[in-house]
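K.L.:
Take this structure, written in structure tokens, and hold onto it; I'll ask about it next.
The values are calculated or read from the model by the stated rules, or taken from the named source; none is laboratory data. Since the model is a prediction, treat every value here as computed from it, not as a measurement. Cβ placement follows ideal geometry from the backbone for every residue including glycine, while neighbour counts extend to all protein chains displayed.
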Amino acid sequence: MPDFAVTCKFGKMSRVNRQSNAPDTCSTTEAAERLGMAVRSVQLMVDRGELLAWKTPGGHRRILRSSLDAWLAARGGSAPVAAAPARNAVRPMTLLLIEDSVHFQNLISLVVRRELPDAELHVAADGIAGLALAGRLEPDLLLVDILLPGIDGAALISSLRSHPQFARSRLIVVTALDEAQREPYRLALEGVPLVHKTKLVTELPPLLASVAAAQA
């Protein structure tokens, strides 16, 4: 392994071995552009150990491109480059469902297809994949479960609501938690329409219709 710039506890830097076989790296900004995420989201992925990185003596993160490639490969491959829409073309409504239960993925998909047959529905099974897809798609509507692997839905919603990229995206929360169980997430869920999973068939359709009407 080549030596890199290492800062000791007294603040002095060791020698730098500038060997040509140093690993290929990228900045958090470059990684965010490739993943279609906010830079802060990539920084959190580094902090959680999902991407391999280190900090330079100046405090900048350098991410191993091999770990970025591995993360993308585990979730279906490299980020696609979206084609530019044709001028004056009518873009179909885009929905993103972030839900880890296959049963509720199927149920919500059935409701969406019945109520919005022309919409494009994308599904992610965990919070990290959902965040990446949201960055790529910038969907018109996100349907998000609260309890998710990776990043829980409340943290994901807070991240989306604070980022200007998703200012036009509408949110609907779907959950099996009762009111008392939702109390820890109260601030994140404030002002967001919520449907309990036992009432999806009756309460989700009018919310979908409302979002579709606003998009028209």
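K.L.:
Go over the candidates Pro149, Pro117 one by one and state the one that is loosely packed, with under 13 Cβ neighbours inside 10 Å and free of Cβ contacts under 8 Å to residues at least 12 places away in the same chain.
P.N.:
On the way: Pro149 fails: free of Cβ contacts under 8 Å to residues at least 12 places away in the same chain.
The match here is Pro117.
K.L.:
Quick one: which residue in Asp140, Asp178 is among the charged types (D, E, K, R), within 22 Å of Leu107 (Cβ to Cβ) and surrounded by 20 or more Cβ atoms within 10 Å (Cβ to Cβ)? Before you say what the answer is, go through the steps one by one.
P.N.:
Details: Asp178 fails: surrounded by 20 or more Cβ atoms within 10 Å (Cβ to Cβ).
On inspection, the qualifying residue turns out to be Asp140.
K.L.:
Which condition breaks for Leu194 when tested against (1) in contact (Cβ under 8 Å) with a residue 24 or more places away in the chain; (2) surrounded by 13 or more Cβ atoms within 10 Å (Cβ to Cβ)?
P.N.:
(1)
K.L.:
Also, quick follow-up: Please report, ordered by residue number, the helices (runs of 4 or more DSSP H) entirely within the range 88-200 with at least 2 residues that are within 14 Å of the chain's Cα centre (by Cα) and modelled with pLDDT under 95.
P.N.:
Values: elements: 102-115, 127-137, 153-161, 186-189.
So the answer is 127-137, 153-161.
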